[in-house]
Structures are given as structure tokens and as C-alpha cells.
1. Can you confirm whether A224 is in a helix (DSSP H, G or I) and touching a residue at least 60 places away in the same chain (Cβ under 8 Å)?
2. Looking at G41, G52, G34, G27 in this structure, which one is under 25 Å from C139 (Cβ atoms) and surrounded by fewer than 16 Cβ atoms within 10 Å (Cβ to Cβ)?
3. Check every one of the helices (runs of 4 or more DSSP H) wholly within segment 341-420 and list those with 2 or more residues that are modelled with pLDDT of 95 or more, within 28 Å of A21 (Cβ to Cβ) and touching a Cys at 6+ places or on another chain (Cβ under 6 Å).
4. State all residues of segment 96-114 that are over 17 Å from W407 (Cβ atoms) and either charged (D, E, K, R) or out of contact with any Asp or Glu (no Cβ under 7 Å at 6 or more places or on another chain) (or both); if no residue qualifies, say none.
5. For segment 97-139, give me each residue that is in a helix (DSSP H, G or I) and of a type in the set (K, R).
6. Only one of A76, A86, A114 is out of contact with any Lys or Arg (no Cβ under 7 Å at 6 or more places or on another chain), modelled with pLDDT of 95 or more, within 18 Å of V349 (Cβ to Cβ) and not β-branched (V, I, T). Can you tell me which?
7. Can you pull out every residue in segment 268-283 that is over 25 Å from the mean Cα position of the chain (by Cα) and in a helix (DSSP H, G or I)?
8. Suppose we filter segment 366-406 for residues that are farther than 25 Å from D314 by Cα and among the polar types (S, T, N, Q); how many remain?
Amino acid sequence: MRRLTRSEASAERVCALYACALLTVHGLFLPYGGYARMMEGKYRCYLALTLGFLAALCAVAPPGRIRFSAARRCAAAYLGASALSALCSPYGAAVVLGGSRREGLLTLALYAAAYLPLSRWLRARRLLLWLTAGATVLCCLLTLRQLAGGNPLRLYPAGLTYYDGDGAYLGFYAGTAGNIDFTAFLLALALCVLTCAALRLRMRGLLPAAALAAWVLRRLDVSAAWVGVACAAVWGLALLLPDKRRAMLAASAALCVLGGIMVFCYTGGNETLSQARAVLHGTIDPSFGAERVRIWRDCLSLARERPLLGGGPDTLGLRGVEPFSWYLPDRVIPSDVTAAHNEYLNILVNQGAPALAAYLGLLASALCRCFRRASEPRYAVCGAGLLCYAAMAFFSISTCITAPYVWLLLALCETDEKDG
């Protein structure tokens, strides 16, 4: 391996510091005002960290171009398609910051702008895994205290707790990400990454954090997170045993078929499995998945109106989708649809088919590289996290609270010690 120049070594340090800051400062940041200001607080934290990172990188980065591999070309194409969508959007300046999810063009540009240098200079270090484990433990301890009825750090309004959710306020909130869907998303990613790292890198010290994450996920009971964990567990066999990749992929396919048969024959009382069984039997009700099916149907109709450019980044809330209903014990509250509750569909309806194709290309390129090079532990670890994400994304909402960690995994899949 060639010796790094001083500017290259500085660029590596800046990238490492930024990755550490995402895992700690951004991951554990709790805004003043509690969960009521979580989205805005995390957004400002992400802006400050990423703009500071890019400014520092500009000051130290070596001259020359980043070699545009297939994955980097997909990332650039995703940003270009999103920018064109914003330029042609009928919603004007609203596309810059976006709606309540804060995933307008500025945020998307920062995702891609950070990914490109990270994919060049960020090195996979064990420190990143230890920081992930530490942040996971702290998030879990906070969540468990809240599930015990406490209000540490006064994140809930005075006199209220976690169990006042869908009563005194809409939704349920816990942990360091706010909405339990976001917290479960991050814990599921951490569970898959830490477990794979413990097995492939023999870092047994990561297992307690992974076990704690699994316990908290069980307590939160977010179905999408378990879908992601199941996907990583089944299709990650080839990552754990790369010398038997073909046999493990065949075993994964067999497990999927067996799982489908079990769901098809399911007669228990679990709502999620019962709905999945109904779908396999040809019955699809718009109320399935907490009305996700109806939202998906409406979003597909909107996507057909502007298939190439979409409505503009994070403008779904401006396009007149019929509100969905929160069913509380004593009343029904209509709520605006601001996201498709499916990250792939959300890109299609907001930024158009070319942006979706580029994003899928980026994800597929990273996963293929992970499977091809699974004999190297870092690719197996990143692949486990991305498998979990790829499944969860069918039911989740992309925000600046969760997306930076997906882009971090994508960047770590692309970095190459021989990349020059």
C-alpha cells in the first residue's frame, strides 16, 4: 500500500471524526424542549455537524478528483435527479428545506455530499463499532427507564410518561430518536451490525449491547424493525460463512419459502402476521399496516401523475393526500400524510423514477460488493446492516434522524485501501 500524503492523512482524520460525531453527538443528542422538538433539534444538529465536516474537509482535502465507481455514480445521479425534481417542482421554495420531515433538497444534497468523501477516505475501524455499542447501550437504558414509567431528562411534558401516548399526545416516543419507529429502526441496525461484528471479528464485548438492543426492541414491539432483523438473519448467513456462500444462499432461500408457508398457514392472534396471511390469501384491506396500504395506494396514484420528476423533495404533504386517522380510545383524529411510509415509494412520488433507480442502484451496488467480498469482515458487518435496512425501508420513513447512518454504511462499503 502506498504511503499517504499529509493532506490524505488529514482527510482521513476529518472523516473519522465526523463518523464518530454522527454515532455519538448526533445519535445521542436530545434537544431542549424534549420530544416535541426532536425533529427540529436533530435536524439542526445534523446540519451543524455536516456543514462543519464539509468545511473542514475542504481545508485539508488533497487536490484531485474522487474516482467515480459505479456506486459513486449512482449517488451523484441520485442527487442530480433530486435537484432536477426540485427545479421543476410546482411548489417553489418549499423543496429546499422540505416539509415536517426536513428532507428537502438541502438535506439530500448533504447526504450525497458527505457520502462521496466518506466513501473515499473513511476507514473501517473498530472504534466505530465500540462507539455504536456505547450509544446503543445509553439509548436502551433511557428507553427502559421510560418503559418503567419514568420521565428522565423531562423529555415528555410535565406529568406525562410513555404510556400517555395515543392519549394525551399522538404516537409513542422513547429513546434518543423520539418516535419509537425511529428508535426501533436505529436499534435494529445496531443489533445486526454488532452481532455480525461480534461473530466475524471475534469482538465478544459487543454482544451485551446487541442483547440489550434485542430486549428493548422486544419491549417496543415495532414490527418493521423485526422484519429488518429477520431479513438480516436469514440472508446474512452467506456473510457469516463466506466460504460456503452458495450453500448459505440456498439455505436462505429455503428459509424464506418455509417462512412464507408458515405465514400462509398462520392462525394465531398476532395482528401483523394475520394481515400478512390475508395478503398471501389475496385479501388486501386499505387499513392494513396502520393504514399504510391506503397511503401506498394514494401515493402510487400521485406517482403516475409525475413519474419522472415527482412533486419535488419532501413535498408529499402538499399534494392533497387524504389524511389518515389516529384511533384513540375516545376519539378519531385525522392526520396529514407527509411521507409514504415506504422509503422507496417516497422517493418515487417525491423525486421521480430516475432518482429511485439511482438510489436502488447505490443500495444494490453496496450489497453486491458486501456479498462478493464477504471474506473481509468489514463487508460482512456493513452488509448485515444494509440487509436490515433494505427490508425496513419498505415500511419506514426516511429522516435526518435515521438516514445518516444508512449513508455511513453505504460509504464504508465503498472505501477501499487501494483506492487512489
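The values are calculated or read from the model by the stated rules, or taken from the named source; none is laboratory data. This one's a predicted model, so the numbers in the text were calculated from it and none came from an experiment. No Cβ is skipped: glycine too gets one built from the backbone with ideal geometry, and neighbour counts run over all protein chains shown.
1. yes
2. Values: G41 fails: surrounded by fewer than 16 Cβ atoms within 10 Å (Cβ to Cβ); G34 fails: surrounded by fewer than 16 Cβ atoms within 10 Å (Cβ to Cβ); G27 fails: surrounded by fewer than 16 Cβ atoms within 10 Å (Cβ to Cβ).
Exactly one of G41, G52, G34, G27 is under 25 Å from C139 (Cβ atoms) and surrounded by fewer than 16 Cβ atoms within 10 Å (Cβ to Cβ), namely G52.
3. Details: elements: 343-351, 353-372, 377-392, 403-414.
Correct list: 353-372, 377-392, 403-414.
4. Within segment 96-114, V96, L97, S100 qualify.
5. Here is the first cut: in segment 97-139, the ones in a helix (DSSP H, G or I) are 97, 105-121, 126-139.
Matches in segment 97-139: R120, R126.
6. Values: A76 fails: within 18 Å of V349 (Cβ to Cβ); A114 fails: within 18 Å of V349 (Cβ to Cβ).
Of A76, A86, A114, the one residue that is out of contact with any Lys or Arg (no Cβ under 7 Å at 6 or more places or on another chain), modelled with pLDDT of 95 or more, within 18 Å of V349 (Cβ to Cβ) and not β-branched (V, I, T) is A86.
7. As a first pass, look at segment 268-283 and keep what is over 25 Å from the mean Cα position of the chain (by Cα): 268-270, 274, 277-283.
Result: S274, R277, A278, V279, L280.
8. Count: 1.
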